[in-house]
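> Quick one: the structure is below, and I'll ask about it shortly.
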Amino acid sequence: MESIQSQVMGIIASALLLERTQLSITDSFEDDLGADYLDLLDIVITIEDRFIIDITNDQLLKMQTVNDCINCVEYVLMDCE
């Protein structure tokens, strides 16, 4: 089974048309990856569908880096248990 980190990074890479090897968990969506709000929204919708979770607007707005996104997914999944 693929780890949460691996799955989230795969979703991000796919949404931004990047190879997974081009991503680092420290990458900033805006500064390093050139992603805008709509890109991030698309990523979050895909994550919500994949993991069957709900990410709030507040959580979305706090996602600045790939690691923020991974941590958010892990937090929401733990909160659902």
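The values are calculated or read from the model by the stated rules, or taken from the named source; none is laboratory data. Everything quoted here is computed from the prediction, not taken from an experiment. Positions of Cβ are generated from backbone atoms using ideal geometry, with glycine treated the same way; all protein chains shown enter the neighbour counts. SASA here: full protein model, heavy atoms, side chains in, ligands and nucleic acids out. Shrake-Rupley method; radii C 1.70, N 1.55, O 1.52, S 1.80 Å.
> Which whole-number value in Å² is the accessible area per residue of the chain, probe 1.4 Å? Write out the running numbers ahead of the final one.
On the way: 5150 Å² over 81 residues.
Result: 64 Å² per residue.
> Kindly point out which whole DSSP H helices in the chain project their C-alpha atoms 18 angstrom or further along the helix axis while averaging a Kyte-Doolittle hydropathy of 0.5 or above. Spell out each step's value before the answer.
Numbers: long enough: 37-51 (21 Å, 0.76); 66-80 (21 Å, 0.77).
Result, helices passing both filters: 37-51, 66-80.
> Measuring from a point 7 Å past the Cα of Gln22 along Cα-to-C-beta, which residues in segment 41-78 have an amide N at less than 19 Å?
Only 41-44, 65-67 fall inside the zone, counting backbone N under 19 Å.
> Per the helix-only calculation at 222 nm, which mean residue ellipticity applies to the chain, given -39500 (n - 2.57) for every DSSP H run of n ≥ 4 and division by its residues, nearest 500 deg cm²/dmol?
Details: 4 runs with 48 residues, N = 81.
Estimated from H runs of four or more residues: -18500 deg cm²/dmol.
> May I ask for the net charge around Asp27, where only other residues with Cβ less than 12 Å from the Cβ of Asp27 are counted and Lys, Arg are +1 while Asp, Glu are -1? Before the final figure, lay out the partial values.
Numbers: positive: Arg20; negative: Glu30, Asp31, Asp32, Asp68.
Taking every Cβ under 12 Å from that of Asp27, the sum is -3.
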